[in-house]
Amino acid sequence: MANAQYAQLRDWIDRWEAHLIEQRTYLTELDSAIGDGDHGTNMVRGLAAASARADAEVPEHVDDLFKAVGMAIVSSVGGASGPLYGTFFLRFGATAGHVRELDGADLAEALGAGASGVAQRGKPELGDKTMFDAMSPAVGAFAAAIARGETPSTAANSASVAAHAGREATAELVARKGRASYLGERSVGHIDPGATSTALLFQSLAEALA
Amino acid sequence: MANAQYAQLRDWIDRWEAHLIEQRTYLTELDSAIGDGDHGTNMVRGLAAASARADAEVPEHVDDLFKAVGMAIVSSVGGASGPLYGTFFLRFGATAGHVRELDGADLAEALGAGASGVAQRGKPELGDKTMFDAMSPAVGAFAAAIARGETPSTAANSASVAAHAGREATAELVARKGRASYLGERSVGHIDPGATSTALLFQSLAEALA
Amino acid sequence: MKKLINAADDVLAESLAGFAAAHPELRVDHVNRIVYRGEPKPHGTVALLSGGGTGHEPLHAGFVGFGMLDAAVAGEVFTSPTPDQIMEATARVDTGAGVLHIVKNYTGDVMNFEMAAELGGSIPVETVVVADDVAVEDSTFTAGRRGTGVTVLLEKIVGAAAEQGRDLAEIGALARHIATSGRSMGMALTSGTLPAVGKPTFDLPETEMEIGVGIHGEPGRRRVPLASAREVAEMLVEPILADRSFAAAPTIVMLNGMGATPLIELYLMFGEVKSILDRAGVTIARSLVGDYITSLDMAGCSVTILEADNDTLALWDAPVATPALRWGM
Amino acid sequence: MKKLINAADDVLAESLAGFAAAHPELRVDHVNRIVYRGEPKPHGTVALLSGGGTGHEPLHAGFVGFGMLDAAVAGEVFTSPTPDQIMEATARVDTGAGVLHIVKNYTGDVMNFEMAAELGGSIPVETVVVADDVAVEDSTFTAGRRGTGVTVLLEKIVGAAAEQGRDLAEIGALARHIATSGRSMGMALTSGTLPAVGKPTFDLPETEMEIGVGIHGEPGRRRVPLASAREVAEMLVEPILADRSFAAAPTIVMLNGMGATPLIELYLMFGEVKSILDRAGVTIARSLVGDYITSLDMAGCSVTILEADNDTLALWDAPVATPALRWGM
Ligand SMILES: Nc1ncnc2c1ncn2[C@@H]1O[C@H](COP(=O)(O)OP(=O)(O)O)[C@@H](O)[C@H]1O
Ligand SMILES: Nc1ncnc2c1ncn2[C@@H]1O[C@H](COP(=O)(O)OP(=O)(O)O)[C@@H](O)[C@H]1O
Ligand SMILES: [Mg+2]
Ligand SMILES: [Mg+2]
Ligand SMILES: [Mg+2]
Ligand SMILES: [Mg+2]
């Protein structure tokens, strides 16, 4: 029943950055097919700024860490993913509070707050073929697992599985938000880049809490 | 000892036009290698204008025919070849005079005047890798043949052979006039487009007088 | 990738440095990537601010100057600027009368400008979102249409109105009026190449073109065989006229190049567009032909038509002095 | 070939038609392919006439207007206009004070303008031949250097002088002074494609570029591997400075695009050129960045440097109102 420690949450971000760097070209290819070809570049730039800021400020509490991460993303990424992921982390941190560890319920609440922030900022609906189609099921799966009494680590595994499934399901959808929406039916058959970076976000969480 | 008849001289121009149309792409390729890729287009445009003008004016004498041809070329071609070939025909016609046929000596004189006109207008020297490297030997060979007592037809054959030889020899030359001169040593190995259209000019004369 | 650049990561900073060197009459904040007028507006005059991703030059920095923008904020290539940049520029250009934010309708731009306006504090901000691209169908259920060519015309017209001293509410209303009075449609012969990606965003065979592209290298509405300028003009003008009639009042028409199309082709296309508009009874009162809102090194063009009443035409004709648009002074 | 055109043979006529439609303030003679000012110059003022092959837009038609040219004569693509066209334009623009012919040094242009001046009759004509391209070596034994970027600057500067009422001899002398005070050098990333040919004039692999090209798609001085903007700037500026020192007086510098290179790259290149000139002690007093003398759809750029004394700078700053260059009015 191990709580998620500050160091693990810091590690979450580092792992996400590593995955994004590794998948940069793939993310860009996905975005070239139905967007403007910069999602990989945007995310790598944002996470470089986030880890630089976290390194510089040396925050010691969860709220300060994610405020740093969120602000760094907001002020370095731009585009659609900057405000969306930025809001996600800002809300996550604010909800988590000035603590050094989070139990399963705290974590579920913070993740839920992050996802609600994304929903408010971008007004995506489920099925609009956006990052929200990976994020919403992931956050739901995490909360359900915690409610069933599972550990944060196991819950994060369920969230990762749900995020990946949500990401893959975006292929069949017609985009209704973001640049891909301009393509209408032509967006069908392509996986959404933002859903892919979100799947990596939850995969990183599972790895960090393992 | 048949004199060159008006109809044969008119035919000369038609044959040249036909050859230029046939070789248009080749002339353009030669000009693309060391010039600006328009020599084929220029010549075909010029000869279309020349034959249209000759058809419209229905000249009956050699001077009027070649004035029409020369002026049409001057006012439709532009570029380097327009003033050069235009001058060639204007001088040719003016020297030939208000006649319906030309004997060998008249023809040699008219061709010589045309070539001198080109030399004055473009100031090419032999070996500068221009049309003059085909024209000057051709005109010289024609005059020499007439001086030897040959017919205009035989003389035109010699001129055609000399023009073709002169044209082929341009491959080894470094261009010193026209656009090809900008290439310096890089022009070596390429045949000059203007020398090629001149070789066709003398070949057409030989065919017309045959 | 054949580009006159150094490292892909430095394109924005270095291009801005060159811009600053070429336009000493403007001020450039290289840290925040903001271009300002050299001479600020008189106190109490509404300021105009725009911004967006880089790669659309001369938009927006090329439109900073008397009679047009007060500042332009640059994001990374095809990426909206961030809220901090926008807040900084807003604070600097405000003369006490408030600031108009001119935003092209892309999710990223809209959200970043929204966050800036939310976090911006006490400066009154009006926002106009341009969404003029008729290529986007079904826009009711989506994020709506893209903002393209009308942005340029709006910046000129509303910039002239601000110069006259109209207040923020009037400026906001005028901007929204202009934004809804125009339509655009674009096409691409080739895809642009993002410096960071190094190869074309989409493959377009020698025999095909994309109709209905935006300005971010997104593929368009549909891919069709190459066609003549006359047919291309029809494919661009017809969806515009189907969406909105322009027969009632004079218009301003822009024939815009996407970055790699030479002027000789743009003029030829303008001639074709004018023939179609003549037949449709649309009067061209003013026109603009050239590269005004581009998409990196994409070859192609777009057509923008704006209905223009007398006020609009007078504002259009008013003096302007920017790097890319200049007359009357 | 991917171009916004109809038939290859109609490009010139149709582009001119579009130009006329876009610029009702100018007069266009479509038969003779001449663009005139809408308002002729006052009687007794020297007129400026230029012309050349089509494919270099906005040169020359885009420079017709107050403070610059009185007329521009267009030849076929990359082909000088004919003597008749030049004579017709000369006769029309003369106000009684004579006409300056501005000719770029290409065999065809020189011969056609020469024939026009010979046949032109009683109108006094001064001719200036621009030959500024340092890419051409060994120019002593050949037809000499090509005329490129200095043509644009000369048309602006001498146009302003003519507006002041200077007489034909003074105008001719000034034009020759400007022509010999500037140098240019260009490069290409890709070859342009002539509409009538339908494929690129030369093949340039993805990894190579041509240094020392002119504006007619001719191959350049040499072919080298692709390099950074910084290195390209050196390859262009160094031959210019080796040919003529520009350290003694202020200069006007133009960073010109060849037709398919976007502004973002041109600004970046201008920044690089400025750094080199700063180090070499060359002062940039004025600058121009954009497409001014192009080569169809060639990607690439050229650098022009002109020594400018006080008279030259004052003439540069004087009002001009043409489609492509406009300030002060
Ligand atoms: N309104 C929205 N709500 C949620 N997610 C969105 C929205 N618009 C876009 N996205 C996500 O953003 C991703 C694109 O991000 P990115 O490429 O970085 O930004 P941009 O689209 O500005 O270039 C999309 O794949 C999609 O998942
Ligand atoms: N000064 C000159 N004297 C004689 N011939 C010349 C001269 N300059 C160019 N030429 C000829 O003109 C030919 C090119 O003609 P063309 O391509 O029609 O004109 P342009 O060079 O203006 O494009 C060259 O191949 C050469 O033979
Ligand atoms: Mg993107
Ligand atoms: Mg040629
Ligand atoms: Mg983007
Ligand atoms: Mg030519």
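The values are calculated or read from the model by the stated rules, or taken from the named source; none is laboratory data. Everything quoted here is computed from the prediction, not taken from an experiment. When we count neighbours, we look across all protein chains shown, and the Cβ atoms used for this are built from the backbone with ideal geometry, even at glycine.
Kindly provide the set of residues from segment A:22-78 that are in a loop (DSSP other than H, G, I, E, B) and closer than 30 Å to A:Glu185 by Cβ, ordered by number.
A:Gln23, A:Gly35, A:Asp36, A:Gly37, A:Asp38, A:Gly78 - these are the residues of segment A:22-78 that are in a loop (DSSP other than H, G, I, E, B) and closer than 30 Å to A:Glu185 by Cβ.
Which of the following residues is of a type in the set (Val, Ile, Thr), assigned by TED's automatic domain parsing to the domain that holds C:Leu189 and not in a helix (DSSP H, G or I): C:Ile215, C:Ile276, C:Ile264?
Values: C:Ile276 fails: not in a helix (DSSP H, G or I); C:Ile264 fails: not in a helix (DSSP H, G or I).
None of the others qualify; the one that does is C:Ile215.
Which of the residues that make up segment D:140-178 are under 17 Å from the mean Cα position of the chain (by Cα), among the basic types (Lys, Arg) and not in a helix (DSSP H, G or I)?
D:Arg145, D:Arg146
Yes or no: B:Arg148 surrounded by fewer than 21 Cβ atoms within 10 Å (Cβ to Cβ), more than 16 Å from ligand 6 (Cβ to nearest atom) and within 11 Å of chain D (Cβ to nearest Cβ)? Spell out how you get there, then give the answer.
Details: surrounded by fewer than 21 Cβ atoms within 10 Å (Cβ to Cβ): yes; more than 16 Å from ligand 6 (Cβ to nearest atom): yes; within 11 Å of chain D (Cβ to nearest Cβ): no.
Answer is no for this residue.
Name the residues in segment C:251-271 that are within 7 Å of chain D (Cβ to nearest Cβ) and either among the hydrophobic types (A, V, I, L, M, F, W, C) or free of Cβ contacts under 8 Å to residues at least 60 places away in the same chain (or both), would you? So that I can check it myself, show each step before the final result.
Restricting attention to segment C:251-271, the residues satisfying the condition of being within 7 Å of chain D (Cβ to nearest Cβ) are C:259-265, C:267-271.
Residues satisfying the conditions are C:Ala260, C:Pro262, C:Leu263, C:Ile264, C:Glu265, C:Tyr267, C:Leu268, C:Met269, C:Phe270, C:Gly271.
Is it true that some residue in segment C:38-53 is more than 14 Å from C:Pro81 (Cβ to Cβ), of a type in the set (Ser, Thr, Tyr) and in contact with a Leu (Cβ under 8 Å, 6 or more places away or on another chain)? Can you show your working first?
So in segment C:38-53, the residues more than 14 Å from C:Pro81 (Cβ to Cβ) come out as C:38-48.
Remaining after also requiring of a type in the set (Ser, Thr, Tyr): C:45.
If we keep only those that are in contact with a Leu (Cβ under 8 Å, 6 or more places away or on another chain) too, we end up with none.
Checking segment C:38-53: not a single residue is more than 14 Å from C:Pro81 (Cβ to Cβ), of a type in the set (Ser, Thr, Tyr) and in contact with a Leu (Cβ under 8 Å, 6 or more places away or on another chain).
From the list A:Gly114, A:Gly93, which residue is surrounded by 22 or more Cβ atoms within 10 Å (Cβ to Cβ), over 20 Å from A:His39 (Cβ atoms), more than 11 Å from chain C (Cβ to nearest Cβ) and modelled with pLDDT of 95 or more?
A:Gly93
Could you tell me whether D:Ser245 is part of a loop (DSSP other than H, G, I, E, B), hydroxyl-bearing (Ser, Thr, Tyr), surrounded by fewer than 18 Cβ atoms within 10 Å (Cβ to Cβ) and out of contact with any helix residue (DSSP H, G or I) (no Cβ under 9 Å at 6 or more places or on another chain)? Give the steps one after another, and end with the answer.
Values: part of a loop (DSSP other than H, G, I, E, B): yes; hydroxyl-bearing (Ser, Thr, Tyr): yes; surrounded by fewer than 18 Cβ atoms within 10 Å (Cβ to Cβ): yes; out of contact with any helix residue (DSSP H, G or I) (no Cβ under 9 Å at 6 or more places or on another chain): yes.
For D:Ser245, the condition - part of a loop (DSSP other than H, G, I, E, B), hydroxyl-bearing (Ser, Thr, Tyr), surrounded by fewer than 18 Cβ atoms within 10 Å (Cβ to Cβ) and out of contact with any helix residue (DSSP H, G or I) (no Cβ under 9 Å at 6 or more places or on another chain) - is met.
For segment D:40-51, indicate whether the set of residues that are buried (at least 22 other Cβ atoms within 10 Å of the Cβ) and at the interface with chain C (Cβ under 8 Å from one of its Cβ atoms) is non-empty.
no
Residues D:Thr90, D:Thr79, D:Thr95, D:Thr45: which one is in a helix (DSSP H, G or I), hydroxyl-bearing (Ser, Thr, Tyr) and either touching a residue at least 40 places away in the same chain (Cβ under 8 Å) or more than 23 Å from D:Trp316 (Cβ to Cβ) (or both)?
D:Thr90
Check whether at least one residue in segment A:159-170 is part of a helix (DSSP H, G or I) and hydroxyl-bearing (Ser, Thr, Tyr), and report yes or no.
Among the residues of segment A:159-170, at least one is part of a helix (DSSP H, G or I) and hydroxyl-bearing (Ser, Thr, Tyr), which makes the answer yes.
Among the residues of segment C:282-312 satisfying the criterion of being within 13 Å of another protein chain (Cβ to nearest Cβ) and of a type in the set (Gly, Ala, Ser), which is surrounded by the fewest Cβ atoms within 10 Å (Cβ to Cβ)?
So the residue we want is C:Ala285.
Could you please let me know if C:Lys104 is modelled with pLDDT of 95 or more and at the interface with another protein chain (Cβ under 7 Å from one of its Cβ atoms)? It would help to see each step written out before you state the result.
Numbers: modelled with pLDDT of 95 or more: yes; at the interface with another protein chain (Cβ under 7 Å from one of its Cβ atoms): no.
Here the answer is no, as C:Lys104 does not meet what is asked.
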